[in-house]
1. Looking at this structure, is Lys243 part of a helix (DSSP H, G or I) and closer than 22 Å to Ser276 by Cβ?
2. What pairs can you find where one residue is in the range 82-105 and within 17 Å of Leu163 (Cβ to Cβ), the other is outside any strand (DSSP E or B) and of a type in the set (A, V, I, L, M), and their Cβ atoms are less than 8 Å apart, with a gap of 6+ or different chains?
3. Can you confirm whether His263 is surrounded by 14 or more Cβ atoms within 10 Å (Cβ to Cβ), assigned by TED's automatic domain parsing to the domain that holds Phe208 and free of Cβ contacts under 8 Å to residues at least 40 places away in the same chain?
4. Would you check if there is a residue in the range 174-183 being touching a Cys at 6+ places or on another chain (Cβ under 8 Å) and either among the hydroxyl-bearing types (Ser, Thr, Tyr) or assigned to a helix (DSSP H, G or I) (or both)?
5. Go through the residues of the range 116-134 one by one and say whether even a single one is closer than 16 Å to Phe60 by Cβ, out of contact with any strand residue (DSSP E or B) (no Cβ under 6 Å at 6 or more places or on another chain) and crowded, with 17+ Cβ neighbours inside 10 Å.
6. If you take just the strands (runs of 3 or more DSSP E) that sit entirely in the range 192-233, which of them hold at least 2 residues that are surrounded by fewer than 18 Cβ atoms within 10 Å (Cβ to Cβ)?
7. Can you give me the ranges of the strands (runs of 3 or more DSSP E) entirely in the range 256-318 with at least 1 residues that are within 26 Å of Lys196 (Cβ to Cβ) and under 48 Å from the mean Cα position of the chain (by Cα)?
8. So which residues in the range 19-64 are closer than 16 Å to Val165 by Cα, modelled with pLDDT of 75 or more and surrounded by fewer than 17 Cβ atoms within 10 Å (Cβ to Cβ), if there are any at all?
Amino acid sequence: MKKSIAIIISITIVLGAGFLVASKIVKTQQDSGFTVVELNDINNTDKFLWSKAYIDTSWFDIPIKLENSKKNDRFRFSIYEYNNQEASLAQESTFIVQGNIVENPFTLKVSDIGDGIEVGVVSDRGGTYRYSFQIEDLSATKYDVISYVNSNGELTDSHMLELKVNNQNSSLKNFLLIFLTMLLVFLGVWFGFLKKRIFPSFSEGGQFRYQIGDTSGFINFDSNSRRLIIGSGLDVKQNVFQKLFCGPIQEELLNTKHSIEIHPEMDSELGVCVYSIFCIPRSKMVEGRAGNMKNKNNYKIETSQEVIELKYINLSHV
């Protein structure tokens, strides 16, 4: 419809659901008299190690219908941001119009508009923001009718765009955070519970009093060790990983040729840690019994070259 007089048409429009392509709209809701249109979120990811940063863009379309327009006539578009109900020109975000980055406000010819414009928003400010548009006719011959129509062909003037910007960690960082969290949980469970169940140590203390010929002395159990080897008859190998996660192996009297092994184990019936003694050839037990040790137990163990006498002392194992 054409009117007889030329007037400056300055229309403030907050874009509504009808202005957006259906695939680019999430949902609408009523808020203080405005219909709030939620755009697709911006999901930025940060740079981490060799993972590059990703800057996301939220796109939406504005269908515009101009009657009796000339291709060189121009229109000014202003984008406003609302903060606590106060509107100001949006300067903190980057806007892409018809494929080009523009300053806000920006001017387009009718030939650039066609049936509407496609707008992209780029922002690295985390949070939720609301925008509206103002469109001003700058043509020398003012148009009788400028229609801003929604998908139903209806005029709308009470819509507001809402955009949520999420600044996220990169997938690599998330993976490493999850991995490190799982690793810390595993280490906590391992050292706090599983290790002492699977590889118990000499937590009950205790000692041997030994006699080899005219030589005597004491061997104190190391509370952090998982095995005690007496003599040099066994080939003991342990790396740093085994020492850390399983526990070290205590070695004593390596100047002798014996092969005596003592190791702790959890007694499932008593719920306590007990110590067991075994002889491995070349050593042979001639007095005492292999297996669980009790306080004041005496053992006599010999090889073809020497004899060692042991007396077990531990008030925890009476």
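The values are calculated or read from the model by the stated rules, or taken from the named source; none is laboratory data. Values in this document were obtained by computation on a predicted structure and should not be read as measured data. Methodologically, a virtual Cβ is constructed for each residue, glycine included, from the backbone with ideal geometry; neighbour enumeration extends over all protein chains shown.
1. On the way: part of a helix (DSSP H, G or I): yes; closer than 22 Å to Ser276 by Cβ: yes.
Answer is yes for this residue.
2. Asn104/Ala90
3. Yes; evaluated as a whole, the condition is true for this residue.
4. No: zero hits.
5. The answer is no, given that none of the residues of the range 116-134 is closer than 16 Å to Phe60 by Cβ, out of contact with any strand residue (DSSP E or B) (no Cβ under 6 Å at 6 or more places or on another chain) and crowded, with 17+ Cβ neighbours inside 10 Å.
6. Values: elements: 207-212, 215-220, 227-230.
Where strands (runs of 3 or more DSSP E) fall fully within the range 192-233 and carry at least 2 residues being surrounded by fewer than 18 Cβ atoms within 10 Å (Cβ to Cβ), they are 207-212, 215-220.
7. It comes to 260-267, 272-279.
8. Asp41, Asn43, Asp46, Ala53, Tyr54, Ile55, Thr57, Trp59, listed by residue number.
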